[in-house]
Each structure stands twice: as C-alpha cells, then as structure tokens.
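Here is the structure we will look at, set down as structure tokens.
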Amino acid sequence: MVTGAILTLLTACQSNRTPMFVPANGSYVNSAASKPSIVKDPAQAAHARTAIAAEYIRKGELDAAKRSLEAALESDSRSVEAYIMMGVLLQTEGSEVNLRKAESYFKKAISLKPDDAQAHNNYGVYLAFLKRYPEAIGHFSIAGSTLGYEGRANALENLGRTLLLVKDVPRATTAFEQALNANRDLIVPRFELADIFLKQGRAAQADALYQDYITMIGQPDAASLWLGMRIAHALHQEERVTQYADQLQQHFPNSDEFSRYTQLKQAPGTPWI
C-alpha cells in the first residue's frame with residue numbers, strides 16, 4: 001500500500017528529535033514506473049494514480065495530487081489507499097474547510113477495510129492534531145497491535161506520546177517499550193523512557209537510554225541537554241552537569257531549559273526532576 005509518510009509531521013517538538021506524531025511508514029512508489037494510462041485493471045490504475053499523488057504531495061504540488069487522487073477514485077471507488085491519501089492531502093493543505101473534509105476520507109477508508117492499520121494510524125495522527133486524544137489513542141492502539149504492519153513501531157510511538165498528553169504514564173511506558181521492541185532504531189521512545197525512568201528514580205536505566213539517544217541524534221538540542229543534566233545530577237555526576245550546562249549556555253542561552261537551570265542554581269535544594 002502507498003504510504004502516508006509524506007504527510008508533514010505533526011505537532012513537532014522544539015528540537016531535532018523525531019516529531020510527535022508519525023504517519024504510516026513505507027516506501028514511496030516510483031511514479032515513473034507507474035503508467036495509469038495503460039493500466040486496464042481499475043484497482044491497479046487507482047494504485048498507480050495514488051502513488052503519483054504521494055509523490056506530488058511530497059513535492060508540495062497539492063493541486064496535481066488532488067487531480068491524481070480524483071482520477072484514482074474514478075478508477076476504483078473502493079480504493080482504501082486513495083481515500084487515506086486524500087485525507088492526508090487535505091490535512092496537509094491545512095485550511096479549516098479541508099481539515100473538516102479530511103475526516104470523511106479517513107472514515108471511509110476504515111469503513112471499507114476496518115482492520116487497515118495504516119488507515120487507523122493516519123486517522124489517529126489527524127485526531128491527535130485536533131487534540132481529540134482519547135479517539136486518537138483508540139486508533140493508534142489498533143494500528144500498534146497489528147502484527148506485520150510496517151508502521152507498527154511508529155503507531156506505538158504515536159500511542160505513547162498521546163498517552164503522555166493525557167498523563168497516562170504507565171500505558172505510555174508500555175507503548176514506548178513495545179515501540180522499541182518493534183524497531184530498535186526509534187529515537188523518541190528512548191528520550192521519553194529516559195525522562196519517565198528518571199522521574200521514577202531509575203536514573204541508571206534512564207542514563208543508558210539517554211546515552212543511546214545522544215549517539216543516535218548527534219547534535220543535542222536544549223531539551224536533550226536539559227534531560228542529560230537532570231540525569232547527571234541524579235547520579236551525582238556534577239562534572240557532566242557542568243559540561244551539559246556549558247553547551248546549553250553556548251548554544252541555547254535564551255531557552256526555557258537554560259532559564260530553568262539558572263533558577264535552580266539560585267535555589268539550592270530545589271528538586272531537578
């Protein structure tokens with residue numbers, strides 16, 4: 001199935017970490033290899049046109065994508081992937097009227113194929129964007145529990161982030177751990193689990209995840225440095241605290257994290273967690 005991963009990532013954190021909600025994973029279909037004009041099977045024609053639409057969206061050519069998806073649905077009015085992609089397109093455009101329209105396309109995709117994990121994940125992204133968190137959690141849960149789904153790890157990551165937003169830390173922890181079990185290369189679950197473990201007093205476990213996280217992202221941002229400082233402080237490694245603080249001051253002097261650190265320095269004994 002054509003992926004919805006070309007959708008601009010939603011609700012990005014102010015950092016170089018992976019943004020908050022991740023649309024479905026998968027490979028783009030090379031539009032040059034698809035020639036809908038010579039494809040006679042309606043389903044194949046719809047698939048080819050949807051693939052071309054995905055490329056148009058990736059390039060920001062939204063009007064061309066819309067025309068391609070309309071042609072796809074003319075070829076096959078039951079194309080689940082075309083309905084998903086149309087929802088992605090309308091959400092990407094972002095106007096109020098198109099955001100409203102997008103929901104009907106995600107719902108149509110799910111009505112045609114209730115167990116389609118990609119439809120549930122992308123609909124969850126849409127719902128989370130609108131801050132309809134309980135609904136989003138339900139759809140992310142379905143996608144995250146679908147074994148064999150290529151985007152399952154990202155759906156579990158989305159689930160964890162959304163559960164944190166509703167302050168359900170135990171379930172968020174489980175979701176992040178499952179996400180890492182599904183894909184050890186994910187970045188966000190490492191950061192979030194390190195923060196959760198630190199708050200639970202499991203500083204050594206938090207530090208192990210943090211060190212992996214820093215290795216994977218390369219250049220840390222303000223949020224990453226602040227987490228490292230808090231972990232180092234909990235482990236009584238003041239030299240590391242100073243090292244991270246120097247980087248924070250040098251690169252992010254106007255950040256909330258540096259302001260928080262300055263306040264804590266002026267109030268000895270105040271908890272850092």
TODO: Report, by residue number, each residue of region 105-132 that is outside any helix (DSSP H, G or I) and of a type in the set (A, V, I, L, M, F, W, C).
DONE: 130
Open item on the list: Can you list residue pairs whose Cβ atoms sit under 7 Å apart, with the first residue in region 144-166 being small (Gly, Ala, Ser) and the second being part of a loop (DSSP other than H, G, I, E, B)? Count only pairs 6 or more apart in sequence or on different chains.
Closed with: 151/24; 151/25; 151/26; 153/183; 153/186
Task: Pair list, Cβ < 7 Å and 6+ apart or interchain, from region 59-84 residues that are under 17 Å from residue 114 (Cβ atoms) to residues that are basic (Lys, Arg) and part of a helix (DSSP H, G or I) - done: 83/108
- [ ] Could you list all residues from region 237-256 that are closer than 11 Å to residue 221 by Cα and either surrounded by fewer than 14 Cβ atoms within 10 Å (Cβ to Cβ) or in contact with a Leu (Cβ under 6 Å, 6 or more places away or on another chain) (or both)?
- [x] 244, 247, 248
TODO: Starting from residues that are of a type outside the set (Ser, Thr, Tyr) and in contact with a helix residue (DSSP H, G or I) (Cβ under 6 Å, 6 or more places away or on another chain), keep the ones in region 231-244 and report whichever is nearest to residue 268 (Cα to Cα).
DONE: 233
Task: Failed criterion for residue 24 (all others in (1) closer than 21 Å to residue 99 by Cα; (2) at pLDDT 50 or above; (3) out of contact with any Ser or Thr (no Cβ under 9 Å at 6 or more places or on another chain) hold) - done: (3)
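One line per residue, one yes/no per condition, for (1) under 30 Å from residue 111 (Cβ atoms); (2) in a loop (DSSP other than H, G, I, E, B); (3) within 14 Å of the chain's Cα centre (by Cα):
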| residue | (1), (2), (3) |
| --- | --- |
| 136 | yes, no, yes |
| 142 | yes, no, no |
| 146 | yes, yes, no |
| 157 | yes, no, yes |
| 160 | yes, no, yes |
| 163 | yes, no, yes |
| 181 | no, no, no |
| 205 | no, no, no |
Task: Residue satisfying all of: in region 41-58; surrounded by fewer than 18 Cβ atoms within 10 Å (Cβ to Cβ) and touching a residue at least 24 places away in the same chain (Cβ under 8 Å); farthest from residue 108 (Cα to Cα) among these - done: 58
- [ ] Run residue 151 past the list (1) within 13 Å of the chain's Cα centre (by Cα); (2) within 26 Å of residue 47 (Cα to Cα); (3) modelled with pLDDT of 95 or more and report the number of the one that doesn't hold.
- [x] (3)
Task: Of residues in region 183-203 being surrounded by 19 or more Cβ atoms within 10 Å (Cβ to Cβ) and within 14 Å of the chain's Cα centre (by Cα), the one nearest to residue 232 (Cα to Cα) - done: 191
- [ ] Taking the options 122, 158, name whichever one is polar (S, T, N, Q), closer than 23 Å to residue 79 by Cβ, in the same structural domain as residue 81 (by TED's automatic domain parsing) and in contact with a helix residue (DSSP H, G or I) (Cβ under 6 Å, 6 or more places away or on another chain).
- [x] 122
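The values are calculated or read from the model by the stated rules, or taken from the named source; none is laboratory data. Here the structure is a predicted model, which means the values were calculated and not measured. As a convention, Cβ positions derive from the backbone with ideal geometry for all residues, glycine included, and neighbour counts pool all protein chains shown.
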